[in-house]
1. How many residues are open to solvent by 10 Å² or more (accessible area, probe 1.4 Å) and either under 20 Å from residue 106 (Cα atoms) or assigned to a strand (DSSP E or B) (or both) when one looks only at the range 74-92?
2. Name, by its number, the condition in (1) over 16 Å from the mean Cα position of the chain (by Cα); (2) open to solvent by 10 Å² or more (accessible area, probe 1.4 Å) that does not hold for residue 63.
3. Out of all the residues in the range 17-36, is one or more charged (D, E, K, R), within 27 Å of residue 269 (Cα to Cα) and under 17 Å from the mean Cα position of the chain (by Cα)?
4. Counting only residues that are within 18 Å of residue 152 (Cβ to Cβ) and touching a residue at least 60 places away in the same chain (Cβ under 8 Å), which one in the range 187-233 is farthest from the chain's Cα centre (by Cα)?
5. Could you check how many residues of the range 93-138 are outside any helix (DSSP H, G or I) and farther than 26 Å from residue 164 by Cα?
6. If I filter the range 121-178 down to residues being closer than 20 Å to residue 55 by Cα and surrounded by fewer than 21 Cβ atoms within 10 Å (Cβ to Cβ), which single residue comes out as modelled with the lowest pLDDT?
7. Under 6 Å between Cβ atoms, at least 6 apart or on separate chains: pull out the pairs that start in the range 167-183 with a residue that is over 10 Å from residue 151 (Cβ atoms) and end on any residue that is open to solvent by 30 Å² or more (accessible area, probe 1.4 Å) and assigned to a helix (DSSP H, G or I).
Amino acid sequence: MKSARLNRLFGVSGNCFDVAIDHGMFNERTFLAGIENMKTAIEVIAQAAPDAIQLPPGTAPILQAIPGKHRPALVLRTDIANIYGNPLPSQLFSEMIDRAVEQGVALDAACVVVNLLILPDQPEVYRACVRNVNSLKRECEIYGMPLMVEPLVMQDNSKGAYMVDGAIDKILPLVRQAAELGADIIKADPCDNVEEYHRVVEIAQGLPVLVRGGGRVSDQEILIRTKQLMEQGARGIVYGRNVIQHNNPGGMTRALMAIVHDKASVEQASLHIG
């Protein structure tokens with residue numbers, strides 16, 4: 001059944017656009033912009049027909065209640081971490097939801113996703129994430145559930161909340177570890193020099209690599225970056241804030257789908273936004 005679920009996740013082009021709307025899982029006020037009303041947010045994105053929508057277990061039923069055969073596939077967020085605030089809490093954690101893969105099966109998910117986090121001087125968070133991936137891997141094999149692992153290297157939090165480290169020499173070994181731990185799909189950050197992303201694709205050993213969107217940027221920047229990433233072998237994208245915080249989230253979804261699936265130029269994709 002794993003191959004059947006992967007077929008639901010990836011389009012006929014072999015690529016995937018997964019819109020992340022799982023930010024409410026992390027207890028950060030700034031993450032809620034654009035998704036204060038989850039029913040509206042999910043319905044607007046679903047109507048634009050991306051391949052998948054990434055949701056926590058509490059709001060995943062909103063997507064799955066949409067009638068018809070053509071709603072986006074569900075990617076289920078399975079973990080919670082308290083690493084995004086500034087200042088950081090005195091004790092950090094990364095915890096999985098209970099019986100994550102069973103919940104994924106019950107919710108008819110096409111995939112489950114889990115973090116593999118590295119923060120400066122926080123080895124216990126990293127250790128917890130390795131345990132999370134290990135515990136999910138065998139359950140995913142038993143239930144035929146694809147496992148998406150999200151290797152995420154963070155900067156020192158004193159520089160500001162939720163700072164991603166784009167240093168490729170830090171990204172590469174963590175992506176490779178995710179592959180070695182048994183990921184079926186890698187969800188990785190873009191590197192500082194986008195032209196080097198082919199090295200991330202290579203180090204993943206043939207696994208499909210979906211690129212994280214990161215913080216909000218201009219339309220032109222996100223479209224140009226996406227085009228560059230896809231041309232280097234990425235199999236798709238997982239974008240959240242650049243879609244859900246856009247004043248035309250449906251149009252931005254369609255623009256990105258055109259690049260991911262149809263190899264549209266930036267100019268052609270921009271026509272969808274208006």
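The values are calculated or read from the model by the stated rules, or taken from the named source; none is laboratory data. Source: prediction; values computed, not measured. In this analysis, Cβ positions are derived from the backbone assuming ideal geometry, glycine residues included, and neighbour counts consider all displayed protein chains. The protein model used for the area step is the full one, side chains on, heavy atoms only, and it has no ligands, DNA or RNA in it. Shrake-Rupley method; radii C 1.70, N 1.55, O 1.52, S 1.80 Å.
1. 1
2. (2)
3. Taking the range 17-36 first, the residues charged (D, E, K, R) are 18, 22, 28-29, 36.
Narrowing the set further to residues that are within 27 Å of residue 269 (Cα to Cα) leaves 18, 22.
Restricting the remaining residues to those that are under 17 Å from the mean Cα position of the chain (by Cα) gives 18, 22.
So far as the range 17-36 goes, yes, one or more of its residues are charged (D, E, K, R), within 27 Å of residue 269 (Cα to Cα) and under 17 Å from the mean Cα position of the chain (by Cα).
4. In this case the residue turns out to be 208.
5. From the range 93-138, those outside any helix (DSSP H, G or I) are 93-99, 107-122; that's our starting set.
Subset that is farther than 26 Å from residue 164 by Cα: 98-99, 107-110.
Summing the residues that are outside any helix (DSSP H, G or I) and farther than 26 Å from residue 164 by Cα in the range 93-138 gives 6.
6. So the first thing to find is which residues in the range 121-178 are closer than 20 Å to residue 55 by Cα, and the list is 129, 132-133, 136-137, 139-140, 143-152, 162.
So of that shortlist, the ones also surrounded by fewer than 21 Cβ atoms within 10 Å (Cβ to Cβ) come out as 137, 139, 143-144, 162.
Working: 137: 97, 139: 97, 143: 97, 144: 98, 162: 63.
The selected residue is 162.
7. Matching pairs, first to second residue: 168/196; 182/137.
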